[in-house]
1. Can you tell me which residues in the stretch 78-109 are among the aliphatic types (A, V, I, L, M) and modelled with pLDDT under 95?
2. Given the criteria open to solvent by 30 Å² or more (accessible area, probe 1.4 Å) and part of a helix (DSSP H, G or I), does residue 56 qualify?
3. With a cut-off of at least 2 residues that are modelled with pLDDT of 85 or more, name the helices (runs of 4 or more DSSP H) lying wholly within the stretch 123-183.
4. Step by step: first the residues of the stretch 109-122, then only those that are among the hydrophobic types (A, V, I, L, M, F, W, C) and in a loop (DSSP other than H, G, I, E, B), then the one that is most open to solvent (accessible area, probe 1.4 Å). Which residue is that?
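The values are calculated or read from the model by the stated rules, or taken from the named source; none is laboratory data. This one's a predicted model, so the numbers in the text were calculated from it and none came from an experiment. What goes into the accessible areas is simple: the full protein's heavy atoms, side chains included, and nothing from ligands, DNA or RNA. Shrake-Rupley method; radii C 1.70, N 1.55, O 1.52, S 1.80 Å.
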Amino acid sequence: MIENNKNTTMAMDKIYFEDPTDWEDYLFDSTEYAMELDNRNPVLEGIVERLIQLGIQITCEDKKVITKELNKRYIAMGIEEGVPRVVKNWISGTPVNPAYRENLYNLCIALGMNAEQVRVFFLKNYMTIPFNYKDRTDAIYFYGISHGLPYLEILKLLNENELDEDSNSDFFESTKMIGNYIA
């Protein structure tokens, strides 16, 4: 539990420097870190980390083996085409435009992740916010993943026409309330 915004105050002290002579050192550290991130492939790192958790001994250099393993998993969950191109691009490090969130969720399902593992993967490896409950697609994926539904059942829910009026996101005061309602 955070007491009296202690962590926020500490963060603000780090962000808003009082001595401009220190700025150059901080800027250099930040630039160096950003350049390091440019040379990494956090999505690939997350996929490899999860495959290792599932008992598959693999490294980031084994891209063909990773794709082959994911292909088996996609087919097993009901995606006959196997690994979509966007996921292959993530693995190879090919720059792509922001992809549909469905591809991220499907990757997480193929890797057998639960809702908490999906959250961590989105934040740590794809560096985006998971489960925007006000978005119909995100809400359905959250519901399906958190209730352990097979992919084909989630797909069926996604393909249904419209949500009932009672579950309109305007009914809720906050996104968190929607997530709690769905859970």
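1. The answer is 79, 83, 86, 87, 91, 96, 99, 104, 107.
2. no
3. Ranges flagged: 136-146, 151-159.
4. 113
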